[in-house]
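Every read-out reported here was derived from the displayed coordinates using simple, explicitly stated rules and does not represent laboratory data. Keep in mind that this is a model prediction, so the values were computed, not measured. Glycine gets a Cβ as well: all are built from the backbone with ideal geometry, and neighbour counts include every protein chain shown.
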């Protein structure tokens, strides 16, 4: 939970989600000898396709390619032919990362976060 700023800040809901994701085996992690570098969560509740719900990179690991490798690892572990994720329009760093990692922008949804639409991305996976 230490790399998730929301959970580390005391958000009980996020902490419960992290425990649930870990318990269900939905977390893909990146680590080295120093410890946890980052993680992402792949759920299968988006029209029965994989969906990367959360990507987190430890502040000390940023700029080391961890953010690029996590979506690749998520795609490799995905059990469906398509893997989706999304990022707010305001989250330009995540959108750049997804484009560099080969994800395709496939749609825009308004109304999830007022005033900040969500851009949806698709990645075909080895399962396909």
Simple spin-label estimate for residue 16/residue 109, 7 Å along Cα→Cβ, in nm, reads 2.2 nm
Relative contact order for the chain using alpha-carbon pairs under 8 Å, separation at least 6, rounded to a whole percent?
-> 19 percent
Please report, in Å, the Rg and the Dmax of region 20-128, where both are computed over Cα atoms only.
-> 13.7, 42
Fewest first, what order do 56, 94 take by the number of other Cβ atoms within 10 Å?
-> 94, 56
From DSSP H assignment alone, runs of 4+ in the chain each adding -39500 (n - 2.57), the sum over residues rounded to the nearest 500 puts [θ] at 222 nm at -8000 deg cm²/dmol
